[in-house]
1. Just to be sure I understand the filter: pairs with C-beta atoms under 8 Å, separated by 6 or more residues or on different chains, first member in segment 4-17 and assigned to a helix (DSSP H, G or I), second member loosely packed, with under 13 Cβ neighbours inside 10 Å. Which pairs pass?
2. Anything in segment 162-183 that is in contact with a helix residue (DSSP H, G or I) (Cβ under 6 Å, 6 or more places away or on another chain) and surrounded by fewer than 18 Cβ atoms within 10 Å (Cβ to Cβ)? List them, or say none.
3. When you check Val162 against the structure, is it free of Cβ contacts under 8 Å to residues at least 40 places away in the same chain and part of a loop (DSSP other than H, G, I, E, B), yes or no?
4. Here is a list: Tyr38, Tyr94. Which entry is of a type in the set (Ser, Thr, Tyr), within 23 Å of Ser397 (Cα to Cα) and within 15 Å of the chain's Cα centre (by Cα)?
5. Pick out the one residue from Thr357, Thr383 that is touching a Phe, Trp or Tyr at 6+ places or on another chain (Cβ under 9 Å) and open to solvent by 20 Å² or more (accessible area, probe 1.4 Å).
6. Which pairs do you get when a residue that is on the phi > 0 side of the Ramachandran plot, found in segment 270-285, comes within reach of a residue that is of a type in the set (D, E, K, R), reach meaning Cβ atoms under 9 angstrom, with the pair 6+ apart or on two chains?
7. Suppose we keep only residues that are outside any helix (DSSP H, G or I) and in contact (Cβ under 8 Å) with a residue 24 or more places away in the chain within segment 394-423. Which one would you say is surrounded by the most Cβ atoms within 10 Å (Cβ to Cβ)?
8. Looking at segment 196-234, which of the residues that are farther than 30 Å from Ala110 by Cα and among the charged types (D, E, K, R) is modelled with the lowest pLDDT?
Amino acid sequence: MSQNTHGFLDRFFRLSERKTDVKTEVFAGLTTFMTMCYIIFVNPQILSDAGIPKEGAIAATIFASVFCTLLFGLWANFPVAIAPGMGLNAFFTYSVVLGQGLSWQTALGAVFISGFVFFLLTVTGIRRRLVAAVPDVLRSAIVVGIGLFIAFIGLKNAGIIVKSPSTFVSLGQVTQPGPILTMIGLLVAVILMARNFKGAMIISILITTLLAMAFGVTPVPHRLSDVMTFTMPDITTTLGKLDIMAAIHYGIFSIIFSFTIVELFDNLATLIGLSKKAGLMDKNGDIPNLNRALQADAVGTMMSATFGSTALNAYIENAAGISEGGRTGLTAVVVAGLFLLSLFLTPLIMLIPSVATAPALILVGALMLSEIKNLSFDDFTDTIPAFLTIILMPLTSSIAEGLAFGFVSYTVLKTLTGKYKEMNLFLYLITAAFIINFLYHG
């Protein structure tokens, strides 16, 4: 790389100011990509369950990730990569499309509108105030509940948990190839992560896929073209297929509201945590360009719906790249470039079976369970709302239902026990919106 190029990158990304260099940023980007690229394999699998053509889902996942990650890198100068969120994709498929019977086109319309609502909440500063208004106990319970829901989906996809007419769900035939392969993949991922091995999940997915080929669960590639291609995947099956008017017709207080609430708490908390780790927070607690990052997130969500994928998240896996020295948007640009290159691996991604991605779902769910340490069980007016939030997400197969019961029970219990001083206007407004949603759609 020439001196002029080095100089331009240093000025544009403020490398020297943030005490980093090009080599460090490139390595940090590679590290981040290795830890979060499993989403390329997992997200299309989940979206295909909603009826979205898998090839289109692959292209939409990659293009959405590239677009928003470049926004974070070039506009907000954040060392953070963005991709369709785990939990948000599960909510889209299993709660909205399969659970409530909406078409995937209508659900994408709801994602787009929620992104637009996000943008308005961000530019007006309301988004920060909303997140700050939600008590810590509910925020932690939401993360734990979503984690259990994701893990439940992984266990179901693996055949470890199956339907039962007498007990609703029961243990599947764990000696079958599917459950065995999933347990092997989970074991590989856990061992690698325990040893701090970069890219543990993607390695687990690839090893499980190879074993699935050996067991005859998935086809064996015979040519190079079965693994990689120099032709872009067909995105025309998903690009611009969202149905905004159908989403509006269904009801602004229903799916759109639920999407907005589910998405609301993710990115801001994650971005603040990652910014602290990267040393980007000043002595007053302010983070340069945070508003740009939040606006990029909202615009990215609208573009993701347009491509044919779900709402986007700043992945906590970015902490791996930050730990390797990533401090600027150059890290994000490197990740975006690697995501773009993965388009050539579309045939390989098409071969990945659900039993290979199931361990990633289970493991992500397990990692989200760590938030339970922040829950206090000394006050029943905290314990019961947290419990309802956590337990009802997997049992109703709906993140929105868990959220509703959590917020409503918290508000009612605090008010009726004389602890209304722990409440605020925003909490009452969110609770009122959930109640209206219940009354409107039962």
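1. Every condition considered, the pairs that remain are Asp10/Ser16.
2. Correct list: Pro177 only.
3. Working: free of Cβ contacts under 8 Å to residues at least 40 places away in the same chain: yes; part of a loop (DSSP other than H, G, I, E, B): no.
No: the conditions fail for Val162.
4. Tyr94
5. Numbers: Thr357 fails: open to solvent by 20 Å² or more (accessible area, probe 1.4 Å).
The unique qualifying residue is Thr383.
6. Gly279/Arg18; Gly279/Lys19; Gly279/Arg327
7. Just the residues of segment 394-423 that are outside any helix (DSSP H, G or I), to begin with: 397-398, 417-419, 423.
Filter once more, keeping what is in contact (Cβ under 8 Å) with a residue 24 or more places away in the chain: 397-398, 417, 419.
Working: Ser397: 18, Ser398: 20, Thr417: 12, Lys419: 13.
Selected residue: Ser398.
8. So in segment 196-234, the residues farther than 30 Å from Ala110 by Cα come out as 196-231.
Restricting the remaining residues to those that are among the charged types (D, E, K, R) gives 198, 223, 226.
Values: Lys198: 76, Arg223: 86, Asp226: 84.
Here the answer is Lys198.
The values are calculated or read from the model by the stated rules, or taken from the named source; none is laboratory data. Fair warning: this is a prediction, and the values are worked out from it, not measured in the lab. Neighbour counts are summed over all protein chains in view; Cβ atoms, including those assigned to glycine, are modelled from backbone coordinates with ideal geometry. Accessible surface areas use protein heavy atoms only, side chains included; no ligands, DNA or RNA. Shrake-Rupley method; radii C 1.70, N 1.55, O 1.52, S 1.80 Å.
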